[in-house]
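Have a look at the structure below before the remarks.
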Amino acid sequence: MSGAITRGVLFVHSAPRALCPHVEWAAGGVLGARVSLDWTVQPAARGLHRAELSWQGPQGTGARLASALRGWAHLRYEVTEEPSYGADGARWSHTPDLGIYYAMADVHGNVVIPEDRVRAALDLAHDPRAMQDALDLALGTAWDEELEPFRYAGAGAPVRWLHRVG
């Protein structure tokens, strides 16, 4: 591997059983190693499963993971990538209804809103509802609201580590 190394977590919040092997295959393709996740029942939604995978790899691995899983029906997931030398941290959230959301993240995992998004929201100050909507979009509020019951159901679940080899 060349370049800066970072790490993160893939949280699969909900997937139908039939989709689970495809998620493993896609993640393995990005990480360059076979992935076998410990799937558990997702108590927040009947018939769905959840899993978590901590990963380590070159900068941009989080974006590649999020892209590899993007758009699959019935799949809810989040990918985090920690800040590393010369790169901000990031978080990608995906739901079937909302699609994918991307945000920069600080060292504590907080969403960082770029200056241009803040200025655009401030330009809407004459319309408080429009300003609130712009800030909610920048913060990913709709994604957080949809994913929170699935996150809560996974609290305390074990996390497996996978290090890229080669």
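Results, tabulated for the structure shown:
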| quantity | calculated |
| --- | --- |
| Every residue from segment 1-39 that is more than 17 Å from LEU69 (Cα to Cα), among the polar types (S, T, N, Q) and in a strand (DSSP E or B) | THR6 |
| Pair list, Cβ under 6 Å, 6 or more apart: segment 119-132 residue on the phi < 0 side of the Ramachandran plot and at pLDDT 95 or above, other residue assigned to a helix (DSSP H, G or I) and loosely packed, with under 11 Cβ neighbours inside 10 Å | none |
| Any hit, segment 40-59, residues being part of a helix (DSSP H, G or I), under 18 Å from ARG91 (Cα atoms) and modelled with pLDDT of 95 or more | no |
| Matching option when the condition is buried (at least 21 other Cβ atoms within 10 Å of the Cβ) and at pLDDT 95 or above, among ARG34, ARG76 | ARG76 |
| Candidates ALA90, ALA138, ALA105, ALA73, filtered to the one that is out of contact with any helix residue (DSSP H, G or I) (no Cβ under 9 Å at 6 or more places or on another chain) and small (Gly, Ala, Ser) | ALA105 |
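Conditions (1) touching a Leu at 6+ places or on another chain (Cβ under 7 Å); (2) of a type in the set (A, V, I, L, M); (3) crowded, with 19+ Cβ neighbours inside 10 Å, marked per residue:
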{"residue": "ALA4", "(1), (2), (3)": "no, yes, no"}
{"residue": "PRO16", "(1), (2), (3)": "yes, no, no"}
{"residue": "VAL30", "(1), (2), (3)": "yes, yes, yes"}
{"residue": "GLN42", "(1), (2), (3)": "yes, no, yes"}
{"residue": "ALA45", "(1), (2), (3)": "no, yes, no"}
{"residue": "PRO58", "(1), (2), (3)": "no, no, no"}
{"residue": "ALA63", "(1), (2), (3)": "no, yes, no"}
{"residue": "GLY71", "(1), (2), (3)": "no, no, no"}
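The values are calculated or read from the model by the stated rules, or taken from the named source; none is laboratory data. Fair warning: this is a prediction, and the values are worked out from it, not measured in the lab. Here the Cβ is made from the backbone with ideal geometry for all residues, glycine too, and neighbour counts use every protein chain on show.
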